[in-house]
1. First select every other residue whose beta carbon is under 13 angstrom from the beta carbon of Ser65; then total the charges, Lys and Arg +1, Asp and Glu -1.
2. For the chain, which whole-number percentage of the solvent-accessible area (1.4 Å probe, protein heavy atoms only) is attributable to carbon and sulfur atoms?
3. Would you mind estimating how fast segment 62-128 diffuses translationally, via Stokes-Einstein at 4 °C and 1.567 mPa s with the Kirkwood radius over Cα pairs, in µm²/s?
4. Any idea of Ile4's accessible area? Nearest 10 Å², probe 1.4 Å.
5. Stick to the Cα atoms of the chain, pair each with every other, and give me the Kirkwood hydrodynamic radius in Å at one decimal.
6. What ratio of Cα Rg to 2.2 N^0.38 Å holds for segment 1-42?
7. Just how much of Val107 is accessible, in Å², when a 1.4 Å probe is used and the result is rounded to the nearest 10?
8. Taking the Cα of Asn116, stepping 7 Å toward and past its beta carbon, and measuring to each backbone N in segment 48-72: which are under 15 Å?
Amino acid sequence: TKTIATPETGEIYLINGDLNGAKRTLTLPSAQDGAYFKIVWGVDMDESYNLEVATAATTELFKGSVSYAVGVARTSGSLLQADADFSDDDLLTFNDDVRRGSWVEFVSDGSHWYVNGLVHVSVAPAFS
């Protein structure tokens with residue numbers, strides 16, 4: 001679990017190991033114009049635990065989408081899209097089995113967080 005501080009804008013967070021048997025939450029700082037963060041999976045995340053990315057406040061929403069391919073084999077999966085609904089989404093959940101090379105990034109306009117990315121997963125990512 002990590003709460004990102006405002007001065008950490010521009011950082012890339014590398015997932016380089018499994019989650020060690022527990023759900024993890026990454027909380028973005030309060031929205032500020034131009035803030036940017038990226039998450040990259042450097043290894044396969046093969047556990048039955050979630051990685052959640054949360055905004056700092058329920059009034060700061062995710063906008064955008066994450067493209068994903070669902071499949072357990074490296075060569076399987078159709079490309080689909082998980083969309084934020086622009087009304088109340090302040091949490092993005094990645095379930096177990098995220099393949100290395102997957103990525104997602106977040107950019108703020110000072111009010112909300114715009115998200116995009118491409119992940120290869122066994123379960124679709126979900127905004128809530």
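The values are calculated or read from the model by the stated rules, or taken from the named source; none is laboratory data. These figures come from a predicted structure and were not determined experimentally. As a convention, Cβ positions derive from the backbone with ideal geometry for all residues, glycine included, and neighbour counts pool all protein chains shown. Calculation scope for accessible area: heavy atoms of the full protein, side chains included, ligands and nucleic acids excluded. Shrake-Rupley method; radii C 1.70, N 1.55, O 1.52, S 1.80 Å.
1. Values: positive: Lys63; negative: Asp83, Asp85, Asp89, Glu105.
Result for the neighbourhood of Ser65: -3.
2. Numbers: 3030 of 6070 Å².
That fraction is 50 percent.
3. Working: Rh = 12.2 Å.
Estimated diffusion coefficient is 107 µm²/s.
4. Answer for Ile4: close to 10 Å² accessible.
5. Values: mean 1/r = 0.0689 Å⁻¹.
Result for the chain, one decimal place: 14.5 Å.
6. Output field value: 1.25.
7. Accessible area, nearest 10 Å²: 60 Å².
8. Backbone N within reach: 63-68.
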